[in-house]
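Here is the structure we will look at.
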Amino acid sequence: MVCFFNKIFNYQEEKFNTYKILKLKILGISFKIKLLNKINNNIDTKELLDFLYSSDNKDFVKITKYPYVKNEKDTKLIAFYLPQFHTIPLNDKYIEHGFTEWTNVTKIQPQFLGHYQPHLPIDVGFYDLSTDKVMYRQIELAKMYGIYGFCFHYYWFSGGKRLLETPLFNYLNNKELDFPFALCWANETWAKQWDGGNKEIMMEQKFSCEDCDKFFYDILPFIKDNRYIKINNKPLLCIYNPKLFKDNEITYLVKRLRELAKENGFEDLYIIGARVFGNTDSTVYGMDASVEFYPNGHENLKEIDITGKIINKKFMSKVFDMEDAVYNRKFMPEVNYPLYKTVFPYWDNSARKAFQGGWVFQTAPALYKKWLKDVIEWTKKNHNKDKQFVFINAWNEWAEGAHLEPDRKFGYAYLEATKEALEES
């Protein structure tokens, strides 16, 4: 009998505690709504509730059971790869101790209704690129979904100074990492500019013609590697911002790099310049072609009005209509010079520039797939077989929302869309 009454008492206590928890949750929701309505009186309460407490599981795609089967006729997909996922003394000094790209990624919150943030990784996790451990898994995933190779951002400064080079040298020195790669010289000044403060210079790019030889011999071990990507048997080198240098400097650099390549046993280099910040035709500097670096260089895109959806009134980023851009082929301008196309799976640099006027391109896997298919078809029509490359921005730009690596919301959806676009083109 005592046991029976204890059960009743425990049940009543559990019921009471459940009621208290539910009441607290309701009060919490009510408080959040009141708080957000103070920030923006235009926010619709129902829409807000749907956003705060909706499940993201409907968008999640599991890992494939049918890995990509390599076909020599397929266009080669190269994904840009960011190495800033380990600590360096310069970031410790100027930003904060222990800073890595993950610091930006994890601190951002949704800035408007429907805003997908934060982007958090699954599978590869919050990795540390000071070792090559995660690279095995990255390569496995890339191969599984049809990525041909990585293009590492290479931070090299006048006088031979380097930043974030550890992952690249780890990759170079580990021949078990059997995957093609190339370099993109990220030739800009290294500055602290993503926290809403002044643009504080941490390492300035003071390149001069005297640096040409130093730069070449610094990249020589990479371009000599058997895994290095070649076009027409020429090592591929991308220069991120050619217009950063004076016309005579960039023209001399290209000429001198070609000379040094031939002196060191190469037929030549295949040099491409990214279309960023007004740069268009890189062949005027003696390069072989240009490469898009979207969203940099986007034009005539339709902006979405989020006035009634803003949660944080300090938010200054622009939100663009990706559906309009893709279906109306606004990323497909015709040009009269050699060009390599670039797509991005998603773009949202709020984690870096939420209060500085960043860009948000909220796409979806199906939309990205259509864009990639359009670009692959364009590439097959406009390039010979040995030059059929398409670039993806990016493999792991997590703080800019541009990552093929799987995340908690979409899972492997963007990788799956990549594989399907390749298989269906």
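The values are calculated or read from the model by the stated rules, or taken from the named source; none is laboratory data. Everything quoted here is computed from the prediction, not taken from an experiment. Here the Cβ is made from the backbone with ideal geometry for all residues, glycine too, and neighbour counts use every protein chain on show.
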Note on the stretch 310-346: residues crowded, with 22+ Cβ neighbours inside 10 Å and not hydrophobic (A, V, I, L, M, F, W, C) are 340, 341, 342, 345, 346
Among (1) in contact with a helix residue (DSSP H, G or I) (Cβ under 9 Å, 6 or more places away or on another chain); (2) at pLDDT 90 or above, residue 293 falls short only on (1)
In the stretch 223-242, anything within 25 Å of the chain's Cα centre (by Cα) and surrounded by fewer than 17 Cβ atoms within 10 Å (Cβ to Cβ) is listed as 227, 230
Subset of the stretch 296-306, residues modelled with pLDDT under 90 and outside any loop (DSSP other than H, G, I, E, B), comes to 296
For the stretch 335-344, state whether one or more residues are modelled with pLDDT under 90 and over 19 Å from the mean Cα position of the chain (by Cα). no
Residues of the stretch 384-411 being farther than 18 Å from residue 149 by Cα, outside any strand (DSSP E or B) and touching a residue at least 24 places away in the same chain (Cβ under 8 Å), in sequence order, are 398, 399, 400, 401, 408, 409, 410
Of (1) part of a helix (DSSP H, G or I); (2) modelled with pLDDT of 95 or more; (3) in contact with a strand residue (DSSP E or B) (Cβ under 9 Å, 6 or more places away or on another chain); (4) under 26 Å from residue 294 (Cα atoms), residue 272 satisfies every one except (1)
Of (1) crowded, with 19+ Cβ neighbours inside 10 Å; (2) more than 25 Å from residue 90 (Cβ to Cβ), residue 120 fails just (1)
Note on the stretch 241-260: residues within 17 Å of residue 276 (Cα to Cα) and either in a loop (DSSP other than H, G, I, E, B) or among the β-branched types (Val, Ile, Thr) (or both) are 241, 245, 246, 250
(Q) Being out of contact with any Lys or Arg (no Cβ under 7 Å at 6 or more places or on another chain) and surrounded by fewer than 17 Cβ atoms within 10 Å (Cβ to Cβ) is the requirement here; does residue 275 meet it? (A) no
Inside the stretch 325-355, the number of residues satisfying the requirement of being aliphatic (A, V, I, L, M) and not in a helix (DSSP H, G or I) is 5
Per the list (1) in a helix (DSSP H, G or I); (2) in contact (Cβ under 8 Å) with a residue 60 or more places away in the chain; (3) not acidic (Asp, Glu), residue check on residue 238 breaks on (1)
With criteria (1) at pLDDT 95 or above; (2) more than 19 Å from the chain's Cα centre (by Cα); (3) of a type in the set (Phe, Trp, Tyr), residue 112 comes up short on (1)
**Report entry** Verdict on residue 206 being over 18 Å from residue 285 (Cβ atoms) and buried (at least 16 other Cβ atoms within 10 Å of the Cβ)
**Finding:** no
